[in-house]
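Enquirer: Starting off with a structure, shown below.
Only the coordinates and a few stated rules stand behind these numbers; no lab work does. As the structure is a computational prediction, the values presented were derived from the model and not from experiment. Please note: Cβ atoms are built from the backbone with ideal geometry, for glycine as well, and neighbour counts cover all protein chains shown.
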Amino acid sequence: MSGDKIKIKVRNYGFYYGAVKVLSDISMDIQENTITAIIGPSGCGKSTFLRTFNRMNELLPNTRVEGDIIIDGIDIYKDNIDVVDLRKRIGMVFQRPNPFPKTIYENVIYGPRLHRKYTKKQLGSIVENSLKRAALWDEVKHKLNTNALDLSGGQQQRLCIARLLAVNPEIILMDEPASALDPSSTQKIEDLIDELKENYTIIIVTHNMQQAARVSQKVAFLLTENICEPATLVEYDDTNKIFTNPGDKRTEDYITGRFG
Amino acid sequence: MRETFHHKLEEINEDVILMGSLVQEAVYNSIEAFIEMNADLAQKVIDGDEKINESDISIEEKCIVLQAEHQPVAKDLRYLHSISIIIKYLERIGDLAVNISKIVKRLAREKRKYLDREIMDLLIEMGNLVKPELNGALESFKNKDIKLASKLGKSDDMVDEIQKMIFRKLFTSHKCSEEDIKFITNIVLASRYLERIGDQSVNIGQRVLYFLSGDYKVFHNGV
């Protein structure tokens, strides 16, 4: 499924918090149904960049973007874009699982119900499908009415993924989705991410180099070279290339732990 | 932890250089033993091989532990992976020096009135071509010298040619008594072992070239 179709075009993108420019002149093409990992030292703006794609940065005051983010040919920073609709198309998973303090069932149907009315039967099949796609169904099918907070951390994270799959997004943004999980839960999340790429375009921020190497097909390396300067995109290439023979010495130094 | 990693990497580097010098000594001694039909020197090479084999295993173990502990990437990964292969070539070169030394012992035992001068000169010439290849391979590893690594293998054709000349001379100039056949076989083998030492040295150079450049094409195109 991963093909040559460009899903997202980033052109000369920059971002400001107030007067401070944190990201500068980023241009890259993200292919449909691929997993792109964003790596870089702490504080270089990876999460800020990730939140660009669903315009979540706007929730903070005094922020400003420059350049273009074009998804399926449409610039998402144009005035006439419906942000609610945009965020329905672009799901997001966070570092710590954040299920609602409701039942497993209610967590999954929360999103679909916001957008339209469904029959009970339809909701039942949405719940089953979403949980199956999130590889959680077998573990919870007998206890859909228990509180989501009773699940383990890894299960909660997969529930959050099921919750976003329920609204049929096209793009999934993941901000360190496994950093709060133990190795076995991490492995399940990684397996799940790998399966999801068949149908979704995934962008993942991770501090874990091995995770980036394992799950992604493309890697983007962001770096702030000097304090007070914005981060730029140093290198963007195939994951195999980045981890065996990176083209830029700064990438090499970062991934081999020589700084950062 | 990264400092520990780089410290251990440096330690492995030193180990490989040391192993290289052991192998170099074995090759030089085996060639000298051959030229002089010196059975004692040949025995020294045979006895020294154990140390080379031990280095091989101990370096391999260090490489695998380091990979498990630190999951290196990029040049560190290429480097450790290449070392794991380079030490196998070195170990093999050590074995070839032992093989030559065993031939020396056999021939010395028979006290055969030796080779005609011409064949001997050709073997010496072969040794003179092979030694710089090995030296170059070890030097390129030690100094991480991409230029030197890419120059190795230039005398390959010459070595092959000399080997053919030795074969021709052996098979045309001797009456074939059983003794002669034994003798000829030993010389043929010795020249073959020398030629293999040259080849393995070039292989080491290719690995050095790969871990320095990251370009896997070096293995497809030859050097």
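Enquirer: Using 7 Å Cα-to-Cβ label points, what is the B:E161/A:K5 separation (nm, one decimal)?
Expert: Between B:E161 and A:K5, the label points sit 6.2 nm apart.
Enquirer: What are the ³J(HN,Hα) couplings of region A:150-165, residue after residue, when phi is run through the Karplus curve with 6.51, -1.76, 1.60 and θ = phi - 60°? Round to Hz, x for glycine and proline.
Expert: Values, residue by residue: 7, 6, 5, x, x, 5, 4, 5, 5, 5, 4, 5, 4, 4, 7, 5 Hz.
Enquirer: Sticking with this one: Sort B:195-204, B:100-109 for me by packing, meaning the mean count of neighbouring Cβ atoms within 10 Å per residue, highest on top. Spell out each step's value before the answer.
Expert: Values: B:195-204: 23.7, B:100-109: 20.4.
So the order, starting with the most tightly packed, is B:195-204, B:100-109.
Enquirer: Let me ask something additional. Where a ≥ b ≥ c are the square roots of the eigenvalues of the C-alpha gyration tensor, would you call region B:51-95 rounded, which needs a/c under 1.5, or, failing that, prolate if a/b is larger than b/c, or oblate?
Expert: oblate
Enquirer: A follow-up question, please. Could you work out [θ]222 nm for chain B from helices alone, using -39500 (n - 2.57) per DSSP H run of at least four and dividing by all its residues? Round to the nearest 500 deg cm²/dmol.
Expert: -30500 deg cm²/dmol
Enquirer: Helix hunt in chain B: which complete DSSP H runs extend at least 24 Å axially by C-alpha with mean Kyte-Doolittle at least 0.0?
Expert: Working: long enough: B:2-36 (51 Å, -0.12); B:39-70 (47 Å, -0.39); B:74-110 (55 Å, 0.12); B:117-142 (37 Å, 0.02); B:156-173 (26 Å, -0.27); B:178-213 (52 Å, 0.06).
Flagged H segments are B:74-110, B:117-142, B:178-213.
Enquirer: While we're on this one: Sorted by average packing, counted as other Cβ atoms within 10 angstrom per residue and highest first, what order do A:157-165, B:11-19 take?
Expert: On the way: A:157-165: 25.3, B:11-19: 15.9.
Descending mean neighbour count gives A:157-165, B:11-19.
Enquirer: How high is the relative contact order of chain B, given as a whole-number percent (alpha carbon pairs under 8 Å, six or more residues apart)?
Expert: 26
Enquirer: Below 8 Å, C-alpha to C-alpha, sequence gap of six or more: please give me the relative contact order for region A:1-132 in percent.
Expert: Dividing the mean separation by the residue count of region A:1-132 yields 22 percent.
Enquirer: Hey, what angle do you get for helix A:183-196 against the long axis of chain A, alpha-carbon based, 0 to 90 degrees rounded to 10?
Expert: Taking Cα atoms only, the helix is inclined about 90 degrees.
Enquirer: Over 35 Å apart: what share of the alpha carbon pairs of the protein assembly as shown falls there, rounded to a whole percent?
Expert: Working: 60199 of 116403 pairs.
Everything past 35 Å amounts to 52 percent.
Enquirer: While we're on this one: Which of rounded, prolate, oblate describes region A:1-89, given a ≥ b ≥ c as roots of the alpha-carbon gyration tensor eigenvalues and a/c under 1.5 marking rounded, otherwise prolate only if a/b is larger than b/c? Don't skip to the answer; put the middle values down first.
Expert: Details: a/c = 1.80, a/b = 1.25, b/c = 1.43.
It comes out oblate by the Cα gyration axes.
Enquirer: On to the next question. Rank these for me by crowding, B:K169, A:K78, going from fewest to most other beta carbons within 10 Å.
Expert: A:K78, B:K169
Enquirer: I would also like to ask the following. Could you tell me the relative contact order of region A:55-200? Use alpha-carbon pairs under 8 Å, at least six residues apart, and round to a whole percent.
Expert: Contact order relative to length: 32 percent.
Enquirer: Let me ask something additional. Ignoring everything except DSSP H segments at least 4 long, calculate the 222 nm mean residue ellipticity for chain A; use -39,500 (n - 2.57) per segment, divide by total residues, nearest 500. Walk me through the numbers on the way to the answer.
Expert: Working: 10 runs with 89 residues, N = 260.
Helix contribution divided over all residues of chain A: -9500 deg cm²/dmol.
Enquirer: On a 22 Å Cα-Cα criterion, which of the cross-link pairs B:K88/B:K131; A:K21/A:K241; A:K249/B:K154; B:K51/B:K75; A:K7/A:K249; B:K51/B:K144 come out too long?
Expert: Values: B:K88/B:K131 18 Å; A:K21/A:K241 30 Å; A:K249/B:K154 32 Å; B:K51/B:K75 29 Å; A:K7/A:K249 29 Å; B:K51/B:K144 25 Å.
In this structure, A:K21/A:K241; A:K249/B:K154; B:K51/B:K75; A:K7/A:K249; B:K51/B:K144 lie more than 22 Å apart at Cα.
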